[in-house]
């Protein structure tokens, strides 16, 4: 099938590579000329597991190419994925869907034969109706269908989740649109282990927002329980494990830490919270507002833990901050809890020195005022304490790290604000280990 992917950022570029891997002929539309050239040369502009491998493979074979010209995509493809960005509006009240509307307005008049437009961007409930009006008004040919096919990708796993999704949701209104969706996803559906959920477009819009809202509710719930455990002297990890055994609850999303971040969850929940308030769902609005409030308090809670672990004011102290990305597996630093924490430490007069295996360039671009290190060893040398802020395997699973770092730091104090390390190896190497919602290990 001939496919276009309009918008080649963290969502669109891995999706384009995945569609090529499924056997489709793919053209990606990216208006940023420099990014377009890099993608076409097989050079990813960001880190995402397995993405570079597929990009090189399929740009090399000719199955995947990139352009800045929307007309080229309109002439080439029969199905067009729209995966442009939907940032929060400047006032924070909902999404700015201008790029989605602009992409559809640009594409539709250029279509010279029947086609299917498939929206993947996360949008405000009610956006699909606006887009349908544009198609009805601007289409020059009959048979232009609109489908809403929200993504449920985890950053760091976008390629894997594109090729092996746990569900495919299609909000559509015609048999022709369903046939197009079944064709483009045929290699996945043929495996027989993925549900195709066919619904109407408004339900698809709400389903995506509700999924992210529920995930963030679980994250904020266990972080709220970490506060309770700090006060009670209990162990939040044991609490999370014990309640997660209940199949109605589950363990997924139940690891406490410094909260959710990245380019999706914070803005998606903020936009959904605002929209349900507009719709008059006051109880839902109050619940989601509380979820956001808990999340906003996690970085300050981490600062409090760091000060408690150090045993004295941290002003003037050097702190090795391991991690800048908002989560392991990606170079994305958008709304990163680790960098929020770094900013708060600076406000307290401390000097964080940041190392991340993939996100240093992005962090430097966003926060050039902060100090960075090129290696773990450089970051921890002479540090007054070490803070694990992003759960990279290099930090959490390397049994040599606590031993190697012990000879470089000024004091052997690890503050793990992701609750990600097994403390035994660190304690055996002479470290104190402090984690949110848990008694310290010495």
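Quick note: the coordinates plus some simple rules give every number you see, no bench work behind them. Please read all numbers here as calculations on a predicted model, not as lab measurements. Quick reminder, even Gly has a Cβ in these numbers, built from the backbone with ideal geometry, and neighbours come from all protein chains shown.
Most fluctuating residue of 270, 325, 404 in a GNM of the chain with Cα springs under 10 Å: which is it?
404
So how much slack lies between residue 52 and residue 105, counting 0.36 nm per residue of separation and subtracting their Cα-Cα distance, in nm?
On the way: separation 53, 0.36 × 53 = 19.08 nm, distance 3.12 nm.
Between residue 52 and residue 105, full extension yields an extra 16.0 nm.
Mind checking the log10 I(q)/I(0) for region 298-435 at q = 0.14, 0.15, 0.18, 0.21 Å⁻¹? Debye, one equal scatterer per Cα, no solvent, two decimals.
Result of the Debye calculation: -0.53, -0.62, -0.93, -1.32.
How would you rank 107, 172, going from fewest to most other Cβ atoms within 10 Å of each one's own Cβ? Can you show the working numbers first?
Values: 107 26, 172 23.
Fewest-to-most Cβ neighbours within 10 Å comes out as 172, 107.
List 31, 279, 64, 131 from most exposed to least, where exposure is judged by having the fewest other Cβ atoms within 10 Å.
Numbers: 31 18, 279 12, 64 28, 131 23.
Result, fewest neighbours first: 279, 31, 131, 64.
Would you calculate a helix-derived [θ] at 222 nm for the chain, using -39,500 (n - 2.57) for each DSSP H run of n ≥ 4 and dividing by the full residue count, to the nearest 500? Walk me through the numbers on the way to the answer.
Values: 20 runs with 200 residues, N = 442.
Helices in the chain give a 222 nm mean residue ellipticity of -13500 deg cm²/dmol.
Run the numbers on the chain and let me know its relative contact order in percent, using alpha-carbon pairs under 8 Å that are six or more apart. Can you show the working numbers first?
Values: 902 pairs, mean separation 53.3, N = 442.
It rounds to 12 percent for the chain.
Comparing 93, 223, 295, which has the greatest mean-square fluctuation in the GNM of the chain with Cα pairs linked when under 10 Å apart?
Greatest mean-square fluctuation among the candidates belongs to 93.
Run the quick spin-label model on residue 243 and residue 1: label points 7 Å from Cα toward the beta carbon, then report their separation in nm to one decimal.
Output for this residue pair reads 4.1 nm.
So how do 34, 183 line up by other beta-carbon neighbours within 10 Å, fewest first? Can you show the working numbers first?
Numbers: 34 9, 183 14.
Least to most surrounded, the residues fall as 34, 183.
Can you give the angle from 0 to 90° between the axis of helix 175-184 and the longest principal axis of the chain, with both taken from C-alpha atoms, to the nearest 10?
50
I need the shape label for region 208-296. Rule: rounded when a/c is under 1.5, else prolate if a/b > b/c, else oblate, with a, b, c from the alpha carbon gyration tensor. Don't skip to the end; give the middle numbers.
Numbers: a/c = 2.04, a/b = 1.83, b/c = 1.12.
In terms of gyration-tensor shape, prolate.
Report the gain in length on full extension from residue 140 to residue 279: 0.36 nm times residue separation, minus Cα-Cα distance, nm rounded to one decimal.
Working: separation 139, 0.36 × 139 = 50.04 nm, distance 3.48 nm.
Extra length available between residue 140 and residue 279 comes to 46.6 nm.
Would you mind classifying region 54-114 by shape? Square roots of the alpha carbon gyration tensor eigenvalues, ordered a ≥ b ≥ c; an a/c under 1.5 is rounded, otherwise it is prolate if a/b is larger than b/c and oblate if not.
On the way: a/c = 3.36, a/b = 1.49, b/c = 2.25.
Oblate, since a/c reaches 1.5 and b/c is not below a/b.
Rounded, prolate or oblate: which fits region 2-199, taking a ≥ b ≥ c as square roots of the Cα gyration tensor eigenvalues, rounded meaning a/c under 1.5, else prolate when a/b beats b/c?
Because its axes are fairly even, with a/c under 1.5, region 2-199 counts as rounded.
Of the residues 276, 294, 118, which exhibits the maximal mean-square fluctuation in a Gaussian network model of the chain defined by a 10 Å Cα contact cut-off?
Its mean-square fluctuation being the largest, the pick is 276.
Quick one: helix 282-296 against the long Cα principal axis of the chain, what's the angle to the nearest 10°, folded into 0 to 90?
50
Where does helix 98-107 land angle-wise versus the long Cα axis of the chain, in degrees 0 to 90, nearest 10?
Taking the Cα atoms of the chain, the angle to 98-107 is about 30 degrees.
Would you calculate the separation in nanometres between label points at residue 72 and residue 312, each defined as 7 Å from the Cα along the Cα-to-beta-carbon direction?
Taking the simple label geometry, residue 72 and residue 312 are separated by 6.3 nm.
Taking 0.36 nm per residue of separation and subtracting the Cα-Cα distance, what length does fully extending residue 286 through residue 348 add? The partial results should precede the final answer.
Values: separation 62, 0.36 × 62 = 22.32 nm, distance 3.19 nm.
Once the chain is fully extended between residue 286 and residue 348, it gains 19.1 nm.
Find the centroid of the Cα atoms in region 356-419 and in region 1-79, then give the distance between the two in whole Å.
A separation of 34 Å, based on Cα centres.
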